[in-house]
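These notes concern the structure reproduced below.
What follows draws every value from the coordinates through simple rules; no lab data is involved. Here the structure is a predicted model, which is why all the values come from computation and not from measurement. For neighbour counting, all protein chains shown are included, and Cβ atoms are generated from backbone atoms with ideal geometry for every residue, glycine included.
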Amino acid sequence: MKYEAVFFDLDGTLIGLDMNEFLPDYLAGVQRWTRHLSEDGHFMRSFDAAVQAMLAGGRPHMTNEEVFFSRLMIDLPHLERREMQELFSAFYDEFFPTLRRHCTPVTGVRRTLRRLRSAGYRNILATNPLFPREAVVQRLCWGDLYPVHFEHISTYENSRYCKPHPGYYRDLLGVAEVSPDAVLMVGNDPVEDLAAGELGIDTFLLEEGYLVEREEAPEPTFRGSLQGLERLLLNR
Ligand SMILES: [Mg+2]
């Protein structure tokens, strides 16, 4: 067995979720949820800056969650960080579940994960850590999957970088205690997911259904369907 661990992207890979449809509704939800905080769109500009700060990385002494809230609070000096954390916590409890309509389970994916684990592979959920654990777990459930299917799950609480920053993959190799040549990264985004290749990790571009269009991207080591992935890893 060449690989010891398989890193899986979530959105568009293990669950059917088109970010181009999901994101506008997610952002509209954040805007509605926070509209009492500012009248002129000021809050959404700060929210955007806080997300950009997570994507930029470069503050390795902080988690993505810390980066997000510290950047957000710079523009909102009249608010307390604790209040803001509670507001977002309520948003993920109450509003986020309404976004489920954008998601469809991917046929066979649960069986694939089970087969890989039975064959001795370590399944790790390498979803871009821009969201709290709760929002990742909800999306898994929408796709008929559960945290128990994974040995580790990236979230904004436990990560310091976002894809496609190589620091994200470097940290994940450290957490999983695995060397790059023993990992296969599987995803549907030629930029975010194939960036793992920069560290010497082999990559598998999933071309079914939700392949993200990119003008320039690295070549994957492998490409194909979920069945193709099974054939590769289970010698079928
Ligand atoms: Mg994806």
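A compact table of results
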item: The chain - share of DSSP beta bridges that are antiparallel (%, nearest 5); result: 15
item: Residues whose placed amide H lies under 5 Å from that of His152, excluding near-sequence neighbours; result: Leu125
item: Percentage relative contact order, segment 1-154, counting C-alpha pairs under 8 Å, at least six apart; result: 37
item: Net charge contributed by nearby residues that have their C-beta within less than 15 Å of Ala135 (K/R +1, D/E -1); result: -4
item: MRE, 222 nm, helices only [DSSP H, n ≥ 4, -39500 (n - 2.57), over the chain, to nearest 500]; result: -12000 deg cm²/dmol
item: Sites Glu4 and Arg110 - FRET efficiency at Förster radius 35 Å, r taken between beta-carbons, to 0.05; result: 0.95
item: Label point distance in nm, Ser225-His42, each placed 7 Å from Cα along Cα→Cβ; result: 5.4
item: Prolate/oblate/rounded label for segment 32-106 (Cα gyration tensor, a/c 1.5); result: oblate
item: Alpha-carbon centroid distance for the pair segment 183-201 / segment 85-148, whole angstrom; result: 19
item: Under 5 Å, built H, 5+ apart or other chain: amide partners of Asp202; result: Val183, Met185
item: Shape of segment 2-70, Cα gyration tensor, a/c cut at 1.5; result: oblate
item: Rg [Å, one decimal], Dmax [Å, integer] - the chain, C-alpha atoms; result: 18.1, 60
